[in-house]
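Data block below; observations after.
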Ligand SMILES: [Zn+2]
């Protein structure tokens, strides 16, 4: 029996304001409809964790849908589409920015507004899962270990206080984290998703799960081919390009 494959999709904003972290609402609707038509099950991050522990049997191929940053357009634009299809996503929130415009390093221009706690609470009641994306959208590689510890712990506590539920999932801002921050993540969370471009399995590092950046799949034919299992070559080409680049930059590794 082949091992289950899980694609963890990565989204940020669903809006028509341009840039790599915005997916046009029409394209997003098409991407979701294609999943539904292909009959690929959308599972939650809790389901994925249960499957890793052997408590849940997965289909050969399933999908987890993730959103970083908790922009307001998640509630106004993405969630209506997802809830119509009965898809339950996870949204990673930087808890100190709720209801405000993004203002962190690398923020989109013009800045996009994040959802409020009130909206998050309502969405949680309607079936949306939430995880942490730190308090201040901090880069865990550049802050001190004490700050990193506080960012990870306080954001989890704030989420748990507001939502009245245990929070066990994390997404580090800017993707990659070093060994020190990774240990602190492990103290506070059971999963962490990164920005490594690949499909996930039930093995591998649960604190550095790969995701599919959906900006690469705005072409509908490419996305449909991927869902049908015919698009793996595209991912492979990107992975090879990346490993060649790394071996040139780090020849001793
Ligand atoms: Zn982010």
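The values are calculated or read from the model by the stated rules, or taken from the named source; none is laboratory data. Given the structure is predicted, the values throughout are model-derived calculations rather than measurements. Cβ sites come from the backbone with ideal geometry, for glycine too, and all protein chains shown count toward neighbours.
Based on what the data block shows, is residue 87 under 17 Å from the mean Cα position of the chain (by Cα), within 15 Å of the ligand (Cβ to nearest atom) and closer than 24 Å to residue 42 by Cα?
no
Would you call residue 176 touching a strand residue (DSSP E or B) at 6+ places or on another chain (Cβ under 7 Å) and modelled with pLDDT under 95?
Yes; evaluated as a whole, the condition is true for this residue.
Report the residue count in region 82-137 for those that are modelled with pLDDT of 95 or more and at positive phi.
So the answer is 5.
When you go through (1) in contact (Cβ under 8 Å) with a residue 12 or more places away in the chain; (2) in a helix (DSSP H, G or I); (3) away from the ligand (no atom under 16 Å from the Cβ); (4) more than 12 Å from residue 70 (Cα to Cα) one by one for residue 151, which number turns out not to apply?
Status for residue 151: all satisfied but (3).
Only one of these is over 20 Å from the mean Cα position of the chain (by Cα) and either modelled with pLDDT of 85 or more or over 17 Å from residue 12 (Cβ atoms) (or both): 192, 243, 199. Name it.
Of 192, 243, 199, the one residue that is over 20 Å from the mean Cα position of the chain (by Cα) and either modelled with pLDDT of 85 or more or over 17 Å from residue 12 (Cβ atoms) (or both) is 243.
For residues in region 1-41 being surrounded by fewer than 20 Cβ atoms within 10 Å (Cβ to Cβ) and part of a strand (DSSP E or B), which is farthest from the ligand (Cβ to nearest atom)?
The extreme case among them is 5.
Mind checking which residues of region 167-218 are within 16 Å of the ligand (Cβ to nearest atom), assigned to a helix (DSSP H, G or I) and surrounded by fewer than 18 Cβ atoms within 10 Å (Cβ to Cβ)?
Residue satisfying the conditions is 215 alone.
Residue 161 fails exactly one of the following numbered conditions: (1) in contact (Cβ under 8 Å) with a residue 60 or more places away in the chain; (2) assigned to a helix (DSSP H, G or I). What is the number of that condition?
Status for residue 161: all satisfied but (1).
Considering only residues that are more than 19 Å from the chain's Cα centre (by Cα) and either surrounded by fewer than 14 Cβ atoms within 10 Å (Cβ to Cβ) or within 11 Å of the ligand (Cβ to nearest atom) (or both), which ones fall in region 112-125?
Once the filter is applied, which keeps residues that are more than 19 Å from the chain's Cα centre (by Cα) and either surrounded by fewer than 14 Cβ atoms within 10 Å (Cβ to Cβ) or within 11 Å of the ligand (Cβ to nearest atom) (or both), region 112-125 yields 118, 125.
Residue 159 - would you say it is modelled with pLDDT of 95 or more and either away from the ligand (no atom under 16 Å from the Cβ) or surrounded by fewer than 19 Cβ atoms within 10 Å (Cβ to Cβ) (or both)?
no
Taking residue 226 and the conditions (1) in a helix (DSSP H, G or I); (2) within 16 Å of the ligand (Cβ to nearest atom), which numbered condition does it fall short on, given that it satisfies the others?
Of the numbered conditions (1) in a helix (DSSP H, G or I); (2) within 16 Å of the ligand (Cβ to nearest atom), the odd one out for residue 226 is (2).
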